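Each reported figure results from applying straightforward, stated rules to the coordinates on display, with no laboratory input. The model shown is predicted, which means the values in this text are computed figures rather than measured ones. Heads up, the Cβs are rebuilt from the backbone with ideal geometry, glycines too, and the neighbour counts pull from every protein chain shown.
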Amino acid sequence: METTESLSRQSQSVDNRGAKPEVVLEKLIYRPTRITPLIFFDPSRGLLELRGKSSPENALHFYSKLMTSIEEFALQGEQNLVANFKLEYFNTSSSKCLFDLLKKLLLVEKNGKRVSINWYYEGYDEDMQEAGEDYADLLGTTFNFVETEY
């Protein structure tokens, strides 16, 4: 897995008046491969995007840094969040990780920020549309479903 920026780390700075430290959550970017999706998470803009195919050998390991980053954002982020899921395919282990990730997104909402989940699917791909509908039902939340072409 390639990252072009470091995982969500905290850096703190204190102003000259001794005010509360400012927490900076950093971008997380994974370039896509033939078996892993692009992951782009920019906490300062409140934007998460997953795009491509997800069938890594160890999905728990692959998604672990993103999960941690979302948890940190839920606790310390100040932005609302837009999450775009533009997946062409995901395997069973990725499905569980995606469900866990979606649950973490709801933590952001529980902490007082708005979360918009956009679930993209190709018009002919009823399975992907139904997967999003199932996630939304299981989580008791609403997704925006967007028919598209990749």
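Some points to look at:
- Label-point gap, in nm, between Q76 and E130 - each point 7 angstrom along Cα→Cβ: 4.2
- From phi via Karplus (6.51, -1.76, 1.60), per-residue ³J(HN,Hα) for segment 73-84 in Hz, x at Gly/Pro: 4, 4, 7, 10, x, 10, 9, 5, 10, 10, 10, 10
- In this simple spin-label model, placing a label point 7 Å from the Cα along the Cα-to-Cβ direction at both L138 and R31 gives a separation of 3.2 nm.
- Peptide packing for 42-50, 122-130 was compared via the average number of neighbouring C-beta atoms within 10 Å per residue; ordered from the highest value, the list is 42-50, 122-130.
- Linear extension gain, F99 paired with R114, 0.36 nm per residue minus alpha-carbon span: 3.5 nm
- Annotation: amide H of V115 within the under-5 Å range of L81, sequence separation 5 or more or interchain, hydrogens built in the peptide plane.
- Between E147 and H61, the C-beta separation translates, for a Förster distance of 25 Å, into a calculated FRET efficiency of about 0.15.
- Coordinate range along principal axes, alpha carbons of segment 30-150, Å, largest first: 37, 28, 23
- Taking every C-alpha pair closer than 8 Å and separated by at least 6 residues, the mean separation divided by the residue count of segment 48-138 gives a relative contact order of 35 percent.
- Selection from F73, L138, I39 lying farthest towards where the dipole of segment 37-150 points positive, charges on Cβ: F73
- Within segment 33-79, the percentage of alpha carbon pairs spaced more than 18 angstrom apart rounds to 32%.
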